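Comments concern the structure below.
The values are calculated or read from the model by the stated rules, or taken from the named source; none is laboratory data. A quick note: this is a predicted structure, and the numbers were derived from the prediction, not measured. Ideal geometry is used to build each Cβ from the backbone, glycine not excepted, and the neighbour counts take in all protein chains shown. Only protein heavy atoms, including side chains, enter the accessible area calculation; ligands, DNA and RNA are left aside. Shrake-Rupley method; radii C 1.70, N 1.55, O 1.52, S 1.80 Å.
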Amino acid sequence: AQSVTQLGSHVSVSEGALVLLRCNYSSSVPPYLFWYVQYPNQGLQLLLKYTTGATLVKGINGFEAEFKKSETSFHLTKPSAHMSDAAEYFCAVSETNTGFQKLVFGTGTRLLVSP
Amino acid sequence: KAGVTQTPRYLIKTRGQQVTLSCSPISGHRSVSWYQQTPGQGLQFLFEYFSETQRNKGNFPGRFSGRQFSNSRSEMNVSTLELGDSALYLCASSLAASGGLRETQYFGPGTRLLVL
């Protein structure tokens, strides 16, 4: 079964600093990977996804992620943090065992942005 | 296009009661999935429906059930509520034309259930 590990339950950065949120996956087949963001009292919003093709994926709000098969990683980055980026971020893999989509989520990383 | 809507947004029940949550997917989406989010267990998959059929199910007891109607709207039901059922229940929809492993799931705002 596929699984996802997010390193760091909390990450703190200053406004304008680089954001790096780590995600490692476990999958015996080529994975389909997603990053979602959750703002307080809201559902999940897709930031970006990797299915096939280019390994550097650009998403919304200036975020991007790079799929590295050799490292089984899909880390999320943003060059310059903004106060509005403060939220919880979830990495997910689409489990393929049944042939039908089921997202398996990591435990989430809360991003704190200070002025 | 309107997003995924969930009703009610907040709910308070007592142990032993049952509850029904509703989800309306994005127009044209035929797959609806349900997830439970708790501080302790995180986000966990409950089940997925497509064309009124349950195609996939997570590891939850039989007290958790769902259904999908011909207009793709979905409901989930939890019977004999326990304190541990307190959670945010999220519904997501996608096109999922054929399995949909690459599909984006679009999430609703969730229903926050508190069991006393």
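Go through the residues of the range A:46-53 one by one and say whether even a single one is under 19 Å from B:Pro39 (Cα atoms), without any contact (Cβ under 8 Å) to a residue 24 or more places away in the chain and within 11 Å of chain B (Cβ to nearest Cβ).
Among the residues of the range A:46-53, not one is under 19 Å from B:Pro39 (Cα atoms), without any contact (Cβ under 8 Å) to a residue 24 or more places away in the chain and within 11 Å of chain B (Cβ to nearest Cβ), which makes the answer no.
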Quiz prompt | Single match in A:Ala17, A:Ala65 (criterion: of a type in the set (A, V, I, L, M, F, W, C), in contact (Cβ under 8 Å) with a residue 12 or more places away in the chain and touching a His at 6+ places or on another chain (Cβ under 9 Å)) | solution = A:Ala65
Quiz item: If you take the residues of the range B:61-80 that are in a loop (DSSP other than H, G, I, E, B) and touching a residue at least 40 places away in the same chain (Cβ under 8 Å), which of them is farthest from the other protein chains (Cβ to nearest Cβ)?
Solution: B:Thr80
Exercise. Answer yes or no as to whether A:Lys49 is loosely packed, with under 14 Cβ neighbours inside 10 Å and within 13 Å of the chain's Cα centre (by Cα).
Key: no
Quiz item: Can we say B:Glu52 is away from every other protein chain (no Cβ under 14 Å) and open to solvent by 50 Å² or more (accessible area, probe 1.4 Å)?
Solution: yes
Practice problem: Would you mind finding the one in B:Val32, B:Val78, B:Val4 that is open to solvent by less than 50 Å² (accessible area, probe 1.4 Å), β-branched (Val, Ile, Thr) and over 23 Å from A:Ala92 (Cα atoms)? | Solution: B:Val78
Exercise. With respect to A:Phe74, determine if the residue is within 14 Å of another protein chain (Cβ to nearest Cβ), of a type in the set (Phe, Trp, Tyr) and surrounded by 14 or more Cβ atoms within 10 Å (Cβ to Cβ).
Key: no
Quiz item: If you go through the range B:1-54 one residue at a time, how many are touching a residue at least 40 places away in the same chain (Cβ under 8 Å), small (Gly, Ala, Ser) and outside any strand (DSSP E or B)?
Solution: 3
Self-check item: Filter pass, B:Gly58 being without any contact (Cβ under 8 Å) to a residue 24 or more places away in the chain and either buried (at least 21 other Cβ atoms within 10 Å of the Cβ) or within 9 Å of chain A (Cβ to nearest Cβ) (or both)
Solution: yes
Exercise. Kindly establish whether A:Val93 is aliphatic (A, V, I, L, M) and out of contact with any Pro (no Cβ under 8 Å at 6 or more places or on another chain).
Key: no
Quiz prompt | Subset of the range B:81-100 (residues that are within 9 Å of chain A (Cβ to nearest Cβ) and either assigned to a strand (DSSP E or B) or surrounded by 20 or more Cβ atoms within 10 Å (Cβ to Cβ) (or both)) | solution = B:Leu88, B:Leu90, B:Cys91, B:Ala92, B:Ser94, B:Ala96, B:Gly100
Quiz item: All but one of (1) at pLDDT below 95; (2) more than 14 Å from chain B (Cβ to nearest Cβ) hold for A:Val19; which doesn't?
Solution: (1)
Practice problem: Tell me, please, whether a residue that is modelled with pLDDT under 95, surrounded by fewer than 20 Cβ atoms within 10 Å (Cβ to Cβ) and farther than 23 Å from B:Gly108 by Cβ can be found in the range A:87-97. | Solution: yes
